[in-house]
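Have a look at the structure below before the remarks.
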Amino acid sequence: MAKNGHSWGIACVAGLTFLALLFAIARMWGAFTFTIYLLVAAIAITAAVWRSKRRGKNMGSEENINFNSLSATSPSKGSQNIEWRGKGTAISVGDYVIQDPLTYFSDDGRVSGNRVSQFDQSGREASCLYRHLAIGRPVLQEKGALGYWPSYASISPDQRANYLQWMALGKKDDLNDIGYAFLYFYGLERRLLVDNQDFDLIIPEVARLLSRYTFSGSFLSYLSSFICYNLARMGLEKVDQNLFDTIFLKSPVADSETGLAVATAWLYIKQIPLSLYWATRIARQDPRTPRSVVTQRVPEEFQKLFEIKYNNKFSDGLMLKVSSNQRRLDHHPASPSLGRTFVRGGYQSLAEPILIPNVLGIQSQFNPILQIYSECIDELKSYSHKALQGVDGRDAFEALPDELKKGTEHPDSEIWRKTISEHVTEKGEVMVPISKLAPLRGIPERPKLTLKQSIDLAETAGHIGYGLERDPRITNFGYRWEDIVSVFHPQGEALVSKNPQYLGASIMLELGLAVASADGHIDDSEIKYITDFLKGMFMLDPAESQRLESLKKLLVARPPSIAEVSRRLKGSLNQDQLETVAKYLVGVACVDGILEKPELRLLKKIYKSLGLEEANLDLLIDSIRQEFPEPVVIQTGKRLGRKGEAIPTQAEAKPDRIFLDESKINTILQETIEVGIILSQVLGTNDNFESSEPPKAAPENVQTDQVAGPPVLFRNLDPRYSNFLAELVTIPQWERKQFEQLARKFNLMPAGAMAAVNEWSEQELGDFLIEDADPLLINLNLMGEKNERDN
Amino acid sequence: MSETIKPRERDAILQSLRSGVVPKIGLDHIQVGRKAEVAAIINDFNRIENGGASVRFIIGRFGAGKSFFLNLSRAVALEKKFVVVNADISVEKRLYSNQGKARALYAELMQNMAIRAKPNGGALANVLEKFVSDVDHNVRQGGGADKEVAEEIIKKLKPLQDQVSGYDFANVLIKYLEGFHQQNETLMGNALRWLRAEYTTKTEAKQDLGVRNIISDENIYDYLKLLASFTRIAGYTGLLVNIDEMGVLSHRLNNAIARNQNYETILRILNDCLQGNVSGIGFVFAGTDGFLEDNRRGLYSYEALATRLSNQFAVKGLKDYSGPVISLECLSPEDLFVLLCNIRNVFASGDKAKYLVPDEAMKEFMSLCSKTLGADYFKTPRDLIKSFVGFLSVLEQNPSVSWKDILCSTKIEQSVDPESIPGPEDKDEGSDLTTLKL
């Protein structure tokens, strides 16, 4: 900068010399007015150059910030006649004593050495307490009376009294005019931007001001910008967690877009995943986020739901990515004394732009967050609506999203528990009539509940911590008023299993118990068989097994109807699966060693309703019967008057080998030969070629000369196909299009030509010449064989 | 069995048998017995060839070989230059319906249309083009042009115009020819679509082809007759219509009215064929004995059919091949043995020296089947044949292994009879059984 000032001095001397020369020439010519103009210009240039030299000296000292210096008292570098009073000091102005003033003061009104800004040409520091100025009495003035860009020197004595009183009372009292806080901030701004001192003191103080006075958007904007800019200027990597929390968690800095940019840049630099707090802030500030009244009407529920969803999706937080283009950070000082200064013929900002990592530059990384935000709004709409209507209790609870219901006690929990405890059987099973549960849900008596009502009932039970079987969410059928449900405490959550394995198992259980109960009672052995079968056939998880067990209890208590189950089975299983089901049912019926008529009837009915063959049932029963060594015992039928049928004699043991009647075989062979002869006459299979030689290559001597008549090889072929065929057999395969073109070339229809040639070749060559594939294949070997034979 | 078997036939036979289905070609190599039945069906074809018509009901139990016999008749018909159409009846494809199900059956038949030169179906275009190109060739040989060709087609199809929709049929053929000459594949495709009964509205058909009618549920039998006449004009012997799984009509079609309407169509076919009202067409229907004899749901439940089809003297194994019904008896163990011999022969391509196993092995194999599948194993030979083909395949690929070793480890799985699933009207009448101790 010194070098720079030197060159300006030379330029100044050169300019003055040039002006003196012009002045002498003007005097010589007698142009008096022109001479005056030149003199004024010379004076202005000299003053401007002098000021520039002064500013150059100031700028040179701003390149480094002193973070550790906590100078309690020091003159300002930008102005020789104002002094800084920091923490641990006091200053008296008039009757006011200000502890920890953190501001500038001056005992006189001299302005030498101070900068001249675009907004304040007086040269005085706006925040400086000029102690020689008059001080009035504190007064209450209307808002805005202080004006824009106030300065201590320019405000009225009474306003000075207001300001000094506020300062003396710790700078924390309510303010009618934010201008007083601005006045104080100007000093802090100067201290850091011009003097580069007391970073650790000033940033928290500015953050405190921000938190304290939140009613002015302008104040928020300037102070946030100041903090962000200075953090970046200091170097974000040097900002520790405490300072970060102080600034971003305890002040509204993060409410600004710049604040968010700096905060996310810090998170990126520190490689800290995006926490819920920052995810919420990002979602709220992103212009793509849907705006909804839900967030204001039910903020707590919204935040809770957002938290659950965010944690579910990003249990470890979201790691941030950064754009390749860095983000530029500007700051425009709020102080009129530090506004844009006139430098080299123009105004220039005191704060140079700074580049930081640009996390907000990649918006796509926040899409999942926005989606969660939108989902929360959607899912809370119903609850928000209830909240607007003032609805509470069960209805409000049930309007909550499932995630929020989990952590909230259902309003009807107590009465449900009481009702359920009244229906525990001696075996410890809980069988509750729907007629008892439905009123708890406010459902009046009716023959059959709607599916919606039934599902509501099951869901309420789930919220309270019970599972119901049957569950309409699985069966898709509504409860009847006289139905009974089996209630159980689910392990973990009361999941509604839509797993096909579970659905299959439940239907099989139903069918099995229907069959088992056909004889009027269900034996333990039958239950065991069914249970073992289901365990072996279906891979159920513990929750599903528990639900199935509950269903089993219900079905044992109230055996099911077969017709409905069969209908459902037939609609969802294929033939093989139905066969397996049927085998299982036969097993169920026979497991107690007795197949009674009602069981047999029921089995037949099931077979029929499943669309299976009754004959297979007989076979199956036969096969089971053979597994028992005891003789078959047939009980007498009821129609005693009817003549019975003789029981057939026991079949002899099957021989290990079978014996064939040779004479019969000879007869059949003879007959077969005769049939062969008959068929041969028709089918023409006696034309033995006895050719076992390997296939020959395509014939080379195929005659294609039309004048010479049909080629010898094509004897018996309709002459109009001869030339076509001659060309056809020149290559082994033809694309269909080519083939059609070839046929057209000889004025033949392709399909007709193919049929004619193949018919001929079948008769003459023993097989088809053209294989109707894509592409068409020409069996050239046939031609080769015929050629051989003819030769 | 001394003739050489073509590799194409060998592969087709073995591949089909391995998958448990009846082969479409080379059936004569594995045919066992059925002399009278084969003779009867060939006799029918001769009658059709001479301008007559025939109808046959192939009746037999599960595994008796109905499908095999149907395919055999198909193969014979193809060799005799018949045009053969075949389809399986299902609930969605029947002879009579007013919901597009009869049209679906017709479309299926057209899709599966086969001729000797194209035995695997899809031969509709070939049949058309053969006719059209023959006419075109002959007219142009005589110096005619497009106009004369169209006139000649109409002239040739004149006999069809006596039948229902014959005029539209001729027009569609002309459109096909036009499409060919103009290289307009859309027009050709539209003509084929019409013939395959794929048009569902008359408006659309009018726009695309200028014809006023379409093939619909009400007229599929009329169009089959029309097609039969056309095939003869086109130079084929006639049309054979093979329809399998007729049991579906009796045992899967639960609506008695719908069932009877289908039986009415069968009655109409039967009457036309037996009374000589149609020519150049043969029908072969295959179904279980339940389809025929069930007095509540089968053909016998329809009085007019019962009187025409039943023969009270053809009982206890006595046969009457002069009537429309051919009852196929299940195979005996000896039949099965011969069948296995035939399969062994196919494996060796007809060369005795290449037989993979001796006779003894086949008897051992049958013993194994008897143990695994039960005493009636020979009545449903599908599983056994599948296993036997698998057994021989392994032997063929592992010549160093003894057949006895492989046989020890062979597993034969039993399939379930898919037929005769009881309908909803079947009630559990209850047996006299009260309790069965197991």
Rounded to the nearest 0.05, what FRET efficiency do B:Asn46 and B:Glu92 give with R0 = 30 Å and r taken as the Cβ-Cβ distance? Could you check? 0.30
Length gained, A:Asn325-A:Asp200, 0.36 nm per residue minus C-alpha separation, equals 42.0 nm
Size of the B/A contact, given as accessible area buried on both chains, probe 1.4 Å, in Å²: 6700
Over the range A:345-500, what percent of the accessible surface lies on carbon and sulfur atoms, probe 1.4 Å? 50
Per residue of the range B:68-81, in order, report the coupling 6.51 cos²θ - 1.76 cosθ + 1.60 (Karplus, θ = phi - 60°) as ³J(HN,Hα) in whole Hz, putting x for Gly and Pro. 4, 5, 4, 5, 5, 5, 5, 5, 5, 4, 4, 5, 8, 6
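For the range B:204-292, what is the accessible area per residue in Å² when the probe is 1.4 Å? Don't skip to the end; give the middle numbers.
Values: 2800 Å² over 89 residues.
That works out to 31 Å² per residue.
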How far apart, in nanometres, would the label points at A:Arg291 and A:Leu742 be if each is projected 7 angstrom from Cα along the Cα-to-Cβ direction? 7.6
Relative contact order for chain B using alpha-carbon pairs under 8 Å, separation at least 6, rounded to a whole percent? 24
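If you average the sequence gap of Cα pairs under 8 Å that are 6 or more apart and divide by the length of the range A:362-447, what percent do you get for the contact order?
Computed over the range A:362-447, the figure is 16 percent.
For the range A:354-444, state which GluC sites (Glu not before Pro) are in a DSSP loop and have at most 13 other beta carbons lying within 10 Å of their beta carbon.
Taking the range A:354-444 and a limit of 13 other Cβ atoms within 10 Å, the loop GluC sites (Glu not before Pro) found are A:Glu409, A:Glu422, A:Glu426.
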What list of ³J(HN,Hα) couplings, whole Hz, do you get for the range A:717-724 from phi and the Karplus terms 6.51, -1.76, 1.60, once you set θ to phi - 60° and write x for glycine and proline? 8, 3, x, 5, 9, 4, 5, 4
Taking placed amide H atoms and a strict 5 Å upper bound, the residues 5 or more places from A:Val485 or on another chain that come that close are A:Val432, A:Ile434
Test of the criteria: in the range B:182-280, which trypsin sites (Lys or Arg not before Pro) are in a DSSP loop and have at most 14 other Cβ atoms within 10 angstrom of their Cβ? B:Arg212
Can you work out the accessible area per residue across the range A:203-249, with the rest of the protein chains kept in place, probe 1.4 Å, in square angstrom? 35
For A:Lys87, what charge total do you get from the other residues with a beta carbon under 12 Å from its beta carbon, if Lys and Arg give +1 and Asp and Glu give -1? -2
Computed FRET efficiency, Cβ-Cβ of A:Asn312 and A:Tyr148, R0 45 Å: what is it to the nearest 0.05? 0.35
So, counting K/R as plus one and D/E as minus one, what does the shell of residues with Cβ under 11 Å around A:His423 add up to? 0
For the range B:88-212, what relative contact order do you get, as a whole percent, if you take Cα pairs closer than 8 Å and at least 6 residues apart? 17
For a label point 7 Å from the Cα of A:His385 along Cα→C-beta, name the residues of the range A:433-459 whose backbone N is under 18 Å from it. A:452-453, A:456
How about the range A:209-256: which chymotrypsin sites (Phe, Trp or Tyr not before Pro) there lie in a loop by DSSP and see at most 13 other Cβ atoms within 10 Å? A:Phe215
How high is the FRET efficiency between B:Ser19 and A:Ala563 when r is their beta carbon distance and R₀ equals 56 Å, given to the nearest 0.05? 0.90
Among all stretches of chain B without exposed chymotrypsin sites (Phe, Trp or Tyr not before Pro) (DSSP loop, at most 16 other Cβ atoms within 10 Å), which one is longest? B:1-312
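Given the pairs A:Lys270/A:Lys381; B:Lys118/B:Lys386; B:Lys6/B:Lys81; A:Lys418/A:Lys553; B:Lys130/B:Lys352, which span a C-alpha to C-alpha distance of over 30 angstrom in this model? Display every interim value, and only then the final one.
On the way: A:Lys270/A:Lys381 38 Å; B:Lys118/B:Lys386 27 Å; B:Lys6/B:Lys81 21 Å; A:Lys418/A:Lys553 21 Å; B:Lys130/B:Lys352 42 Å.
Result: A:Lys270/A:Lys381; B:Lys130/B:Lys352 exceed 30 Å.
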Sum up the charges of everything whose Cβ sits under 14 Å from the Cβ of A:Pro138, counting Lys and Arg as +1 and Asp and Glu as -1, but leave A:Pro138 out. -3
Ignoring ligands, DNA and RNA, what percent of the 1.4 Å accessible area of chain B is carbon and sulfur? 47
Projected label distance in nm at A:Leu451 and A:His521, using a 7 Å step from Cα toward the beta-carbon: 4.0
Note, ³J(HN,Hα) from phi for the range A:550-556, Karplus 6.51, -1.76, 1.60, rounded to Hz, x at Gly and Pro: 5, 4, 4, 4, 5, 5, 5
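The values are calculated or read from the model by the stated rules, or taken from the named source; none is laboratory data. If you're wondering where the values come from, they're calculated on a predicted model, not measured in any experiment. All Cβ positions, glycine included, derive from the backbone under ideal geometry; neighbour counts span all protein chains shown. Quick note on the areas: whole protein, heavy atoms, side chains included, nothing else; ligands and nucleic acids left out. Shrake-Rupley method; radii C 1.70, N 1.55, O 1.52, S 1.80 Å.
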